[in-house]
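Below is one structure, written out as structure tokens, with a few remarks after it.
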Amino acid sequence: RGAPPTIIVIFGASGDLTARKLIPALYNLGLDNLLPGDFHLIGYGRKPIPDEEFQADAEKDVNEFSRRPLNPDIWPQLKANIHYHAGGYDDPKAFAELREKCLDIEKKAGRDLQFVFYISTPPSVFKPILENLGSSGLAAHGKGTPLASKMIIEKPFGRDLATAQELNQIIANQFDEHQVFRIDHYLGKETVQDLMVLRFANTIFEPIWNRRYVDCVQITVAEDLGVGTRGGYYDTSGATRDMLQNHTMQLLALTAMEAPVSLGAEDIRDEKVKLLKSIQPLRLDPKDGDAVRAQYAEGLIGGEKVPGYLQEKDIPATSSTETFAALRMSINNWRWQGVPFYLRSGKRLARRVSEIAIQFKQPPGGLFTDPSRFDMAANTLVIQIQPDEGTTFLLNSKIPGLETRTQPVKMHFRYATTFGSNTPEAYERLILDAMVGDSTLFIRGDETETSWKLYTPLLEYWEECGRKGLDSYACGSWGPLSADRLLWESNHEWRRAG
Ligand code: BG6
């Protein structure tokens, strides 16, 4: 899969994402010989930085964050093609100069180059960047040819339905949908891509992947980290916008959608949108609703005392931002009606683990009902997204011995054991796909709007409530009791994830 000759411009070049993920991902693509012969990177940021300093920073990023060490045979050539351009995001002159710089590189290369714009800035400047890409003529570069410009945009993609629609409109003024790559880095994870393979490249799951056999589905995206230095951003976002509306919904859509007609981007995304549209509106009733939210309070992580959310840097003392949310979703279609999908995500939980658990119904009949002899668990297929990537199947087995006793046991498949552990990072796959023009692992405009449509009433309702009804949980726990109650109401319990 060769990418055409490319200049990639990263807006937000001095940001954390560029250092931790984007530069190391580009380096690893170079190491695997996946970058085109003519490849240039231009970092764009407000601060004036000489090219040499930006190159030295990039080298530091590779040394610090790359999954593989810096290779002295590959690096010098890559480094020589790293440039920096200082300018404001709302400064037309700086964009005109950027265009000159790009055209100059193209001229020196002696061939047409594809321009890829990676917007990795805070959302407050998405709009001026997009408009300036349009008015400078950069967005239109190569239009109508296979080298038409492309635009990759980071999250957050809006903060509700109206702002997502507005952003889609601003994008559509400058780019056609096939030029647009909305990032959800969860789609770049190996285990998330494997979901489709697991479901549709194996015959045994499809017949039981429905309401006749599945009792409930639990999706957990838990982190043990707190908000760290990102308090300013996080407090305007919260767990629901930061994780549930995007990453967790992608996991849900891939788990529950119908088989696509082909592996083509549009066929897969059509199925995801169809599934998202069949999710019922969330009930907001404070007593009998489908959602709970909470904030972490002081507690212990790894035996060490850590502060509560309100004591974190840049968090207002009266903040009502949730750091944990749990939801119950109902999908109104032939496959899933009556099967609850439980979603939860939070910071400062007991451990970092993301997983999807398909819990099957109990067998009929009364053969193994005596609890003194038969320890039985529901058959559960657990797709462990991270860490310790793999799939586990939980079944019941006879304990060897002269008596008939049972115990739940696990069948494991581990990526690290089978494939080794040095798999590509999500951003490597995503940047390569965008350069090649494959949008399968990116969010389509209508997809993000469908998801926001579901979440917006809930977010507005919580905003109205302020701190009323906001629960709390101790750092290092699995969340508030209200999240357990949400499942008890339907005779379920959260699995112990991980
Ligand atoms: C990001 C969120 O999208 O995903 C962060 O903004 C979160 O708050 C991160 O920590 C989690 O990503 P991963 O790949 O570590 O699960």
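The values are calculated or read from the model by the stated rules, or taken from the named source; none is laboratory data. What you see is a predicted model; the values in this text were computed from it and never measured. Note: ideal-geometry Cβ built from the backbone for every residue, glycine included; neighbour counts use all protein chains shown. What goes into the accessible areas is simple: the full protein's heavy atoms, side chains included, and nothing from ligands, DNA or RNA. Shrake-Rupley method; radii C 1.70, N 1.55, O 1.52, S 1.80 Å.
When you check Asp288 against the structure, is it away from the ligand (no atom under 16 Å from the Cβ), surrounded by fewer than 18 Cβ atoms within 10 Å (Cβ to Cβ) and not in a helix (DSSP H, G or I), yes or no?
Yes: the conditions hold for Asp288.
Out of segment 156-178, which residues are assigned to a loop (DSSP other than H, G, I, E, B) and modelled with pLDDT of 95 or more?
Phe157, Gly158, Arg159, Asp160, Phe175, Asp176 - these are the residues of segment 156-178 that are assigned to a loop (DSSP other than H, G, I, E, B) and modelled with pLDDT of 95 or more.
Can you pull out the residues in segment 327-346 that are surrounded by fewer than 23 Cβ atoms within 10 Å (Cβ to Cβ), among the basic types (Lys, Arg) and in contact with a strand residue (DSSP E or B) (Cβ under 8 Å, 6 or more places away or on another chain)?
Arg328
Got a number for residues in segment 214-234 being more than 10 Å from the ligand (Cβ to nearest atom) and hydrophobic (A, V, I, L, M, F, W, C)?
Of the residues in segment 214-234, 4 are more than 10 Å from the ligand (Cβ to nearest atom) and hydrophobic (A, V, I, L, M, F, W, C).
Return the pairs, sorted by first residue and then second, in which the second residue is among the β-branched types (Val, Ile, Thr) and not in a loop (DSSP other than H, G, I, E, B), the first residue lies in segment 315-326 and is surrounded by 21 or more Cβ atoms within 10 Å (Cβ to Cβ), the beta carbons are less than 6 Å apart, and the residues are 6+ apart or on different chains.
Final answer for the pair search is Ala325/Thr240; Ala326/Val292.
Before we move on, is Ala56 of a type in the set (A, V, I, L, M) and surrounded by fewer than 15 Cβ atoms within 10 Å (Cβ to Cβ)?
In short, yes.
From Val197, Val273, which residue is more than 16 Å from the ligand (Cβ to nearest atom) and closer than 24 Å to Phe157 by Cα?
Exactly one residue qualifies, and that residue is Val273.
Across segment 325-357, what is the total count of residues that are more than 16 Å from the ligand (Cβ to nearest atom), part of a loop (DSSP other than H, G, I, E, B) and among the basic types (Lys, Arg)?
1
Regarding Asp267, is this residue farther than 15 Å from Ala325 by Cβ, open to solvent by 40 Å² or more (accessible area, probe 1.4 Å) and away from the ligand (no atom under 12 Å from the Cβ)?
Considered against the rule, which asks whether it is farther than 15 Å from Ala325 by Cβ, open to solvent by 40 Å² or more (accessible area, probe 1.4 Å) and away from the ligand (no atom under 12 Å from the Cβ), Asp267 comes out as yes.
What residue, among those in segment 235-245 that are over 18 Å from Thr318 (Cβ atoms) and not aliphatic (A, V, I, L, M), is nearest to the ligand (Cβ to nearest atom)?
Going through the qualifying residues, I end up with Asp242.
Answer yes if at least one residue in segment 271-280 is open to solvent by less than 10 Å² (accessible area, probe 1.4 Å), in a loop (DSSP other than H, G, I, E, B) and at pLDDT 95 or above, and no otherwise.
Within segment 271-280, none of the residues are open to solvent by less than 10 Å² (accessible area, probe 1.4 Å), in a loop (DSSP other than H, G, I, E, B) and at pLDDT 95 or above.
Looking only at segment 358-389, how many residues end up being assigned to a loop (DSSP other than H, G, I, E, B), polar (S, T, N, Q) and open to solvent by less than 60 Å² (accessible area, probe 1.4 Å)?
Here the count works out to 1.
Looking at (1) at pLDDT 95 or above; (2) open to solvent by 20 Å² or more (accessible area, probe 1.4 Å), which is the one condition that is false for Asp73?
Among (1) at pLDDT 95 or above; (2) open to solvent by 20 Å² or more (accessible area, probe 1.4 Å), Asp73 violates only (1).
Being modelled with pLDDT of 95 or more and either touching a Leu at 6+ places or on another chain (Cβ under 7 Å) or in a helix (DSSP H, G or I) (or both) is the filter here; which residues of segment 207-230 pass it?
Result: Pro207, Ile208, Ile219, Ala222, Glu223, Asp224.
Open to solvent by 30 Å² or more (accessible area, probe 1.4 Å) and either among the β-branched types (Val, Ile, Thr) or closer than 15 Å to Tyr89 by Cα (or both): which single residue out of Pro122, Pro156, Pro146 fits that description?
Only one candidate passes the filter, namely Pro122.
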